[in-house]
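Novice: Sharing a structure, written as structure tokens. Questions coming.
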Amino acid sequence: MKFEQKHWFPLWLEFSGLPRLLSEKVRGGAGWPVFKKIVELDCATNAEPDVVEISLEELAPRCGVTPEAARKAILAMRKLKLVACFLPDSDEEPALLKVRTPLATPVPLEEIRARHPTLFLESPQRFRYADDENPAAEEDAAADPVFQEIVDLYFNTVSLRMNAFILDELRLLRHRYPTDRVRKTFRRAQQNEIRSLHWIVRELVRMEKKDGDAQAAGSGTEQF
């Protein structure tokens, strides 16, 4: 028997109005292919919606677009509040991408279910990204002492400039990497007078990859 690798995709998103919205708002037609691939990668990697880590150099050909088109599409989706992201300057370095939850769609979920009753018959229903077990999670983030600490580290190390996009980037770090490692990386940047959030993220990615390589090497060592 032959096995084929597959990704799954939440069907309701195809009826949510997002394909048309992204076609209208993102020039060149890259919006929907890029968004759909991010969702597929998230579904394949994470049991619950979480961060996807992939370089634009790898993501773009899987969507049939150039890295430049993928970057523009992701930035447009960030403005539309469909994704949170951290995009490095280089297309070769890993980007951090996360679908916003709960996801606001042009066609409300209840309307989708009413229009297509035969497509959603199973019970109980699960609608990834529409369902949010903690709807106030993002709003309460400022009250999270760990997140607030990371924001303070950013202010003390990188810049006093702050906006919603930077907050999203810091929130990605809060949930993607161990807190102690984030603290140490900010402090190392401060000690070396490096005022760059891109450098900090690059270091976090590098250290995680180093840990993964070490674990892989250790698991391959035979015990006698």
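The values are calculated or read from the model by the stated rules, or taken from the named source; none is laboratory data. Given the structure is predicted, the values throughout are model-derived calculations rather than measurements. Reconstructed Cβ throughout: ideal geometry from the backbone, glycine too, with neighbour counts over all protein chains shown.
Novice: Could you tell me whether region 32-41 includes any residue that is loosely packed, with under 15 Cβ neighbours inside 10 Å and not in a strand (DSSP E or B)?
Specialist: So the first thing to find is which residues in region 32-41 are loosely packed, with under 15 Cβ neighbours inside 10 Å, and the list is none.
Among the residues of region 32-41, not one is loosely packed, with under 15 Cβ neighbours inside 10 Å and not in a strand (DSSP E or B), which makes the answer no.
Novice: Looking only at region 2-12, decide whether some residue is of a type outside the set (Phe, Trp, Tyr), in contact with a helix residue (DSSP H, G or I) (Cβ under 8 Å, 6 or more places away or on another chain) and outside any loop (DSSP other than H, G, I, E, B).
Specialist: No, that holds for no residue.
Novice: Given the structure, is VAL182 in a helix (DSSP H, G or I), closer than 28 Å to MET77 by Cα, modelled with pLDDT of 95 or more and of a type in the set (Val, Ile, Thr)? So that I can check it myself, show each step before the final result.
Specialist: Working: in a helix (DSSP H, G or I): yes; closer than 28 Å to MET77 by Cα: yes; modelled with pLDDT of 95 or more: yes; of a type in the set (Val, Ile, Thr): yes.
Against the criterion (in a helix (DSSP H, G or I), closer than 28 Å to MET77 by Cα, modelled with pLDDT of 95 or more and of a type in the set (Val, Ile, Thr)), VAL182 qualifies.
Novice: Please determine, by comparing only the residues of region 139-196 that are among the hydroxyl-bearing types (Ser, Thr, Tyr) and closer than 22 Å to LYS209 by Cα, which one is surrounded by the most Cβ atoms within 10 Å (Cβ to Cβ).
Specialist: Going through the qualifying residues, I end up with THR185.
Novice: Do you know which of the residues in region 1-29 that are of a type in the set (A, V, I, L, M, F, W, C) and touching a Cys at 6+ places or on another chain (Cβ under 7 Å) is nearest to MET77 (Cα to Cα)?
Specialist: Just the residues of region 1-29 that are of a type in the set (A, V, I, L, M, F, W, C), to begin with: 1, 3, 8-9, 11-13, 15, 18, 21-22, 26.
Remaining after also requiring touching a Cys at 6+ places or on another chain (Cβ under 7 Å): 8-9.
Working: TRP8: 21, PHE9: 18 Å.
Applying the filter and picking the extreme gives PHE9.
Novice: Right, another one. Looking at region 43-86, which of its residues are free of Cβ contacts under 8 Å to residues at least 40 places away in the same chain, β-branched (Val, Ile, Thr) and closer than 25 Å to ASP131 by Cβ? If you could, list the steps in order and put the result at the bottom.
Specialist: Filtering region 43-86 for residues free of Cβ contacts under 8 Å to residues at least 40 places away in the same chain gives 44-48, 56-68, 71, 75, 79, 81.
In the following step, the residues that additionally are β-branched (Val, Ile, Thr) were identified as 45, 65-66.
Across region 43-86, the qualifying residue is only THR45.
Novice: Please return the ranges of helices (runs of 4 or more DSSP H) entirely within region 45-118 where 3 or more residues are at pLDDT below 95. Outline the logic, then answer.
Specialist: Working: elements: 56-63, 67-79, 109-115.
Helices (runs of 4 or more DSSP H) meeting the threshold: 109-115.
Novice: Take the residues in region 155-179 that are part of a helix (DSSP H, G or I) and more than 20 Å from the chain's Cα centre (by Cα); name whichever of them is nearest to ARG206 (Cα to Cα).
Specialist: THR157
Novice: Which residue pairs have Cβ atoms under 6 Å apart, sit 6 or more places apart or on different chains, and have a first residue in region 103-125 that is surrounded by 13 or more Cβ atoms within 10 Å (Cβ to Cβ) and a second that is basic (Lys, Arg)?
Specialist: These pairs meet every condition: PHE120/ARG113.
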